[in-house]
Ligand code: PMP
């Protein structure tokens, strides 16, 4: 058996990786030719690769390392918990202290009466859980025909068969198909789809599509609406101010359940503990994952309000995962939440860092290829365009230019992702102002170099 370590030559690690490891959301044959970047260590907001490059991670991994890399406390808690009780399940009328403590803490942290926590391991699994919760809720209330969940095109709710159907990514639907009774309305992406409308009118129009869909599908059939307070993987689409109040009004009017998918927005990302607070909405169910443990352990949850819990509690809920409420993951999450709170990381990010990030990121708006720049809390995006005034698209497949800029980010030791032709950031909440300055310098350099390549390709 080959002993594989951080000290092996990069090419050898890349060769072994390509031989046996299938990467998510990747054309593996292309990656094999190029070789994957091998990350070996991380501290704060900085990743180190096998070549010794120090890379500023402006994506907090996959939007999850809110607390930053390298916190020993989480390693210690995890090792302590593994020694004491490495595993036990929460099926069959048993429980354990880490699950009790984390559920209690989440009930305390979340707003309103979101007081009841069902654990899973990933955002996808929690959203699958939500489909079961919603349909069981209406069955138990004697309205079993209420099964339809309305979502949005370009939403991301996960990668399992059910959660990807719930999401609105057409490429995923094309590969794995749909599940019954999911309906998608248009997204509130003014830059790409707003035409001549004002953002406010457009936000209202997009929200009112929910009411139209309820009436078309039949009020007696619609069970719930799900949305990310701010679409993340869809490109950090911050909806116009008119959007969420109207969605809330419609959910209230028709008595359908509102699910806020807070997998990215939760735990400080948008300038409050939860994106629902930033957007002023009152969900019946919240999906949380990622920042719950800052990515140090796989854990997620569906958090439901008293109304939903009262109905669900009266029946046997035929659902659960071997690792629902895994004690080590719960202990790590609890410690993560303690640090985020006691060190004032969430409040410091909201009050000090977010305004600074906004000012600096918006300064990129003067770049010839940058159109809209949007920031909420500690996440942001910029739209690349060949013409700022008409909000035009490039004369190439969507994502071609975004990919070209992302390649230059990589080359300049900055992790900034592209979603189509939008560039997105979501740095750890512990980033410093000096690191934000570095982020902006590298982003501008990547944009400049990308711009040269775009011009050379005849796309500008
Ligand atoms: N919901 C949202 C809003 C997400 O952003 C993601 C992941 N990016 C998921 C669900 C799925 O989470 P996971 O990858 O942990 O299954």
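The values are calculated or read from the model by the stated rules, or taken from the named source; none is laboratory data. Since the structure is predicted, the reported quantities are computational estimates derived from the model, not experimental observations. With ideal geometry, Cβ positions are generated from the backbone for all residues, glycine too; neighbour counts draw on all protein chains shown.
Select from region 167-197 the residues that are more than 15 Å from the ligand (Cβ to nearest atom), in a loop (DSSP other than H, G, I, E, B), out of contact with any helix residue (DSSP H, G or I) (no Cβ under 8 Å at 6 or more places or on another chain) and touching a residue at least 12 places away in the same chain (Cβ under 8 Å) and list them in ascending order.
Across region 167-197, the qualifying residues are 180, 181, 189.
Would you point out which residue out of 93, 139 is in the same structural domain as residue 262 (by TED's automatic domain parsing), surrounded by fewer than 20 Cβ atoms within 10 Å (Cβ to Cβ) and in a helix (DSSP H, G or I)?
Only one candidate passes the filter, namely 139.
Could you check residue 380 against (1) within 24 Å of residue 295 (Cα to Cα); (2) surrounded by fewer than 21 Cβ atoms within 10 Å (Cβ to Cβ) and say which number it fails?
Unmet for residue 380, out of (1) within 24 Å of residue 295 (Cα to Cα); (2) surrounded by fewer than 21 Cβ atoms within 10 Å (Cβ to Cβ): (2).
Identify the single condition in (1) away from the ligand (no atom under 16 Å from the Cβ); (2) assigned to a loop (DSSP other than H, G, I, E, B); (3) without any contact (Cβ under 8 Å) to a residue 60 or more places away in the chain that residue 251 does not satisfy, given that it satisfies every other one.
(2)
Exactly one of (1) closer than 30 Å to residue 145 by Cα; (2) surrounded by fewer than 20 Cβ atoms within 10 Å (Cβ to Cβ); (3) out of contact with any strand residue (DSSP E or B) (no Cβ under 7 Å at 6 or more places or on another chain) is unmet by residue 244. Its number?
Every listed condition holds for residue 244 apart from (2).
Does residue 49 satisfy the criteria of being out of contact with any helix residue (DSSP H, G or I) (no Cβ under 9 Å at 6 or more places or on another chain) and closer than 30 Å to residue 375 by Cα?
Criteria not met by residue 49.
Condition first: in contact with a helix residue (DSSP H, G or I) (Cβ under 8 Å, 6 or more places away or on another chain) and within 11 Å of the ligand (Cβ to nearest atom). Now tell me which residues in region 152-166 satisfy that.
Within region 152-166, 155, 157, 158, 159, 160, 163, 164, 166 meet the criteria.
Of the conditions (1) within 15 Å of the ligand (Cβ to nearest atom); (2) in contact (Cβ under 8 Å) with a residue 40 or more places away in the chain, residue 222 satisfies every one except a single condition; which number is it?
(1)
Just the residues that are within 29 Å of residue 93 (Cα to Cα) and within 16 Å of the ligand (Cβ to nearest atom), please, taken from region 266-293.
283, 285, 286, 287, 288, 289, 290, 291, 292, 293
Can we say residue 75 is surrounded by 13 or more Cβ atoms within 10 Å (Cβ to Cβ) and assigned to a helix (DSSP H, G or I)?
It is true that residue 75 is surrounded by 13 or more Cβ atoms within 10 Å (Cβ to Cβ) and assigned to a helix (DSSP H, G or I).
List the number of the failed condition for residue 423; all other conditions in (1) touching a residue at least 60 places away in the same chain (Cβ under 8 Å); (2) within 14 Å of residue 235 (Cα to Cα) hold.
The one condition residue 423 does not meet is (1).
Being touching a strand residue (DSSP E or B) at 6+ places or on another chain (Cβ under 6 Å) and farther than 25 Å from residue 247 by Cα is the filter; apply it to region 301-327 and report the residue that is farthest from the ligand (Cβ to nearest atom).
Looking at the filtered set, the residue picked out is 325.
Given (1) outside any helix (DSSP H, G or I); (2) under 30 Å from residue 459 (Cβ atoms), identify the lone condition not met by residue 362.
With (1) outside any helix (DSSP H, G or I); (2) under 30 Å from residue 459 (Cβ atoms) applied to residue 362, the lone miss is (1).
Among 304, 311, which is the only one that is buried (at least 24 other Cβ atoms within 10 Å of the Cβ) and either on the phi < 0 side of the Ramachandran plot or part of a helix (DSSP H, G or I) (or both)? Let's see the steps before the verdict.
On the way: 311 fails: buried (at least 24 other Cβ atoms within 10 Å of the Cβ).
Testing whether each residue is buried (at least 24 other Cβ atoms within 10 Å of the Cβ) and either on the phi < 0 side of the Ramachandran plot or part of a helix (DSSP H, G or I) (or both) leaves just 304.
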